[in-house]
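What follows is a short report on a single structure.
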């Protein structure tokens with residue numbers, strides 16, 4: 001039984017990935033520091049289903065703490081590492097850039113160093129569509145320059161890709177950087193639009209929309225993201241950067257219409273000005289993922305929102321009252 005070390009295991013994508021890996025027969029060593037970006041009880045509830053699983057172990061460790069992280073590598077001897085842990089709010093990154101560089105760059109450097117010192121078969125690093133900034137070339141392809149991100153968050157993610165390449169070049173490490181596009185689904189982060197809208201619409205409250213609602217996002221079902229991540233983990237490719245997105249961007253207005261249809265309500269909407277760190281569109285070209293991983297998105301946005309709403313009703317409605 002091979003061990004996969006998953007950083008950020010208690011988070012949105014991390015908890016979904018942990019579940020899928022355990023179901024596939026892997027042993028999972030989770031690493032998470034349960035930081036207070038949002039209420040930590042959400043992460044505790046994400047990880048709770050694995051507490052009694054003999055093939056899961058949780059290490060409450062900050063990826064910036066090199067001695068503690070080293071001890072995890074020494075003990076667990078992972079075959080694979082999937083590095084998801086990061087500070088991930090584009091707007092907050094503008095106000096706290098040092099924190100974002102500390103976690104996202106220094107923390108990733110620790111992961112790279114330990115994967116070099118304690119060799120793994122493959123390292124998967126979570127990157128982001130934010131690296132593309134406000135590129136006018138759509139859909140986004142991996143060979144675009146990605147040299148003008150508009151948030152410190154996007155800049156840190158691009159920096160981690162560049163660092164990862166140097167480790168492949170100098171040490172022949174297998175590293176795949178996955179550019180995730182706007183994940184949505186079960187265990188959704190509570191500070192993301194889909195979660196916020198699900199909660200407010202189910203409670204009959206007013207929702208807030210950015211600008212005129214024309215801003216588009218390539219919302220991608222978390223299960224598709226997880227499936228692509230496992231395919232990348234299981235297929236060492238030397239060094240690659242690969243988009244994982246739905247390839248079908250939707251405007252905020254279109255997203256709202258889907259929510260209204262799924263929940264069966266008419267929203268009361270309040271408009272607010274757009275913010276500078278928010279890009280106008282995210283749109284993934286996924287031909288490289290199809291070619292290298294035999295991956296393409298399978299779940300539509302409407303089905304993804306349907307699953308998010310069903311999960312929210314079952315897991316969050318009582319505590320949100």
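Bear in mind that the values in this text are calculations on the coordinates, not laboratory data. All figures in this text were calculated on a predicted structure; none of them were measured in a lab. Virtual Cβ from ideal backbone geometry, glycine too; neighbours counted across all protein chains shown.
Suppose a student asked you for the relative contact order of the stretch 3-320, using Cα pairs under 8 Å spaced at least 6 residues apart; what percent would you report?
The normalised contact order for the stretch 3-320 reaches 18 percent.
Angle between the Cα long axis of helix 107-117 and the longest principal axis of the chain, 0 to 90 degrees, nearest 10?
30
Got a sec? How would 128, 136 order by Cβ neighbour count within 10 Å, fewest to most?
Ascending Cβ contact count within 10 Å gives the list 136, 128.
Modelled label-to-label distance, residue 96 and residue 261, 7 Å Cα→beta-carbon offset: nm?
Modelled inter-label distance: 3.7 nm.
Helix 193-202 sits at what angle to the longest principal axis of the chain, using alpha carbons and giving 0 to 90 degrees rounded to 10?
In the chain, helix 193-202 runs at an angle near 40 degrees to the longest axis.
Report relative contact order for the stretch 58-141 in percent, whole number only (criteria: Cα-Cα under 8 Å, sequence separation at least 6).
38
To the nearest 0.05, what FRET efficiency results for residue 23 and residue 44 with a Förster distance of 22 Å applied to their C-beta separation?
According to the calculation, E is roughly 0.55.
Would you mind getting me the FRET efficiency between residue 52 and residue 318? Use the beta-carbon distance for r and R0 = 22 Å, nearest 0.05.
0.45
Rank the residues 299, 72 as a footprinting-exposure proxy: fewest other Cβ atoms within 10 Å of their Cβ go first.
Arranged by neighbour count, lowest to highest, 299, 72 become 299, 72.
When N counts the residues of the chain, how does its alpha-carbon radius of gyration compare numerically with 2.2 N^0.38 Å, as a ratio?
0.95
How far apart, in nm, are two points set 7 Å out from the Cα along the Cα-to-Cβ line at residue 214 and at residue 292?
According to this spin-label approximation, the distance is 3.5 nm.
Please rank 165, 59, 270, fewest neighbouring Cβ atoms within 10 Å first, as an exposure proxy.
Working: 165 15, 59 18, 270 9.
Least crowded to most crowded, the residues run 270, 165, 59.
Quick check on the chain: helices-only [θ] at 222 nm, where DSSP H runs of length 4 and up contribute -39,500 (n - 2.57) each and the sum goes over total residues. Nearest 500, please.
Estimated from H runs of four or more residues: -12000 deg cm²/dmol.
In nm, to one decimal, how far is the modelled label at residue 121 from the one at residue 1, with both set 7 Å along Cα→Cβ?
Result: 1.6 nm between the two label points.
Using the alpha-carbon atoms, what tilt in degrees (0 to 90, nearest 10) does helix 252-263 show relative to the longest principal axis of the chain?
80
State the antiparallel share, in %, of DSSP beta bridges confined to the chain, rounding to the nearest 5.
Working: 2 of 39 bridges.
Counting DSSP beta bridges with both partners in the chain, the antiparallel share is about 5 percent.
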